[in-house]
Every structure is written in structure tokens, then in C-alpha cells.
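Visitor: I have a structure I would like to understand better, so I am pasting it below and will then ask my questions one at a time.
The values are calculated or read from the model by the stated rules, or taken from the named source; none is laboratory data. All of these numbers come straight from a predicted model, not from anything done at the bench. Glycine also receives a Cβ, built like all others from the backbone with ideal geometry; neighbour counts cover every protein chain displayed.
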Amino acid sequence: MVIEVLGWIGAVVILAGYALFSLGRLRDGLAYQGVNLVGSALIAVNVAAHGAVASAVVNTIWASIAIAVITRTLLLRRAAGRAPAEAPVVAAPLVVPAPSTEPAATTAPVPLADSVAVITGAIAIIALAASQQHAEAQQAGAGHAGAHEVTPAS
């Protein structure tokens with residue numbers, strides 16, 4: 001029962017955050033990322049308890065991205081506190097720049113480079129979940145194979 005309630009609360013939190021963001025009532029900042037973190041974590045607990053590995057992985061990645069963005073925002077704010085007032089530190093938008101005709105050596109790095117650790121961790125989680133699911137399927141298949149064997153009557 002508790003797991004079900006957590007899942008429903010997570011779903012409401014995610015949907016409410018998305019609706020508020022889409023309607024312009026909530027900016028993309030700490031509050032919005034906090035909503036994503038809480039909602040996806042609660043949903044991840046629910047779906048993991050029900051054995052929905054793919055959904056658990058997606059929601060874990062969702063929460064990991066929110067943690068990365070919250071951490072980055074807080075670090076940038078802290079750095080801005082030490083920067084001169086006339087030169088505030090502003091977070092770069094998480095957008096992919098338009099293709100450039102300049103050689104790659106002179107092109108500025110993409111702001112998403114900070115997310116490499118999150119993406120690598122997400123891939124590792126997906127690979128681990130897939131291998132565990134495969135192992136469980138093989139064990140279940142081996143258990144059922146012996147149960148259906150027919151032995152000759154004596």
C-alpha cells in the first residue's frame with residue numbers, strides 16, 4: 001500500500017511540475033529540478049518494487065539528471081558569490097549549438113560536456129539492469145524446464 005501511494009505522489013508531482021513549467025508558472029531552476037528529483041525518485045521506488053526494470057532505470061536517470069543540474073546550479077551560484085559584481089556568472093543554456101563551418105579544434109566545447117558523468121552512469125545502470133534481467137530470465141527458464149519433464153512409469 002505504501003509503495004502504491006509513493007508512486008501516485010510521484011506521478012502527481014511530476015505532472016504538476018510539468019504543467020506549471022509548460023504554463024510559465026514555474027521557471028527552469030532549483031524548484032523545477034527539485035520537483036523532477038522528488039517525483040522521479042518516488043516513481044522509481046514504485047516501479048522497482050513492481051519489477052518494472054526499464055521504468056525504474058528511466059526514472060533513476062531522470063533523478064540523476066535533476067541531481068546533476070541542481071549541483072551545477074548551486075556550484076555556479078556559489079562561484080558567482082565570489083565573482084566581481086560587474087561580472088556575474090551565468091549558467092550556459094543546455095542547448096546544442098548549430099553546426100559550425102569552423103574546424104573542430106577551434107570550436108568551443110558544448111555545454112553538455114558537464115553531463116558526461118551522468119550519461120556514463122546512466123549507461124552503466126542500464127547495462128547492469130539488462131544483465132540482471134537476462135540472468136533472472138535464464139534462471140526462471142532453467143527452473144521450468146525440469147518441472148515439465150516426463151518420467152517413464154515403472
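Visitor: Look through Ile61, Ile43, Ile119, Ile125 and report the one residue that is hydrophobic (A, V, I, L, M, F, W, C), more than 19 Å from Ile9 (Cα to Cα) and modelled with pLDDT of 60 or more.
Guide: Just a single option satisfies the conditions, and that option is Ile125.
Visitor: Testing Ser55 on (1) farther than 15 Å from Ile70 by Cβ; (2) at pLDDT below 90, one condition comes back false. Which one is that?
Guide: Exception for Ser55: condition (2).
Visitor: Every residue in the range 30-44 that is among the β-branched types (Val, Ile, Thr) and buried (at least 18 other Cβ atoms within 10 Å of the Cβ), please.
Guide: Result: Val35, Ile43.
Visitor: Considering only residues that are closer than 25 Å to Ala19 by Cα and either surrounded by 18 or more Cβ atoms within 10 Å (Cβ to Cβ) or not polar (S, T, N, Q) (or both), which ones fall in the range 45-56?
Guide: Scanning the range 45-56 gives Val45, Asn46, Val47, Ala54, Ala56.
Visitor: Is there any pair with a first residue in the range 1-27 that is within 18 Å of Ala66 (Cα to Cα) and a second that is loosely packed, with under 11 Cβ neighbours inside 10 Å whose Cβ atoms are under 9 Å apart and which are 6 or more apart or on different chains, and what are they?
Guide: Short answer, once both residue conditions are applied: Ala19/Arg25; Phe21/Arg27.
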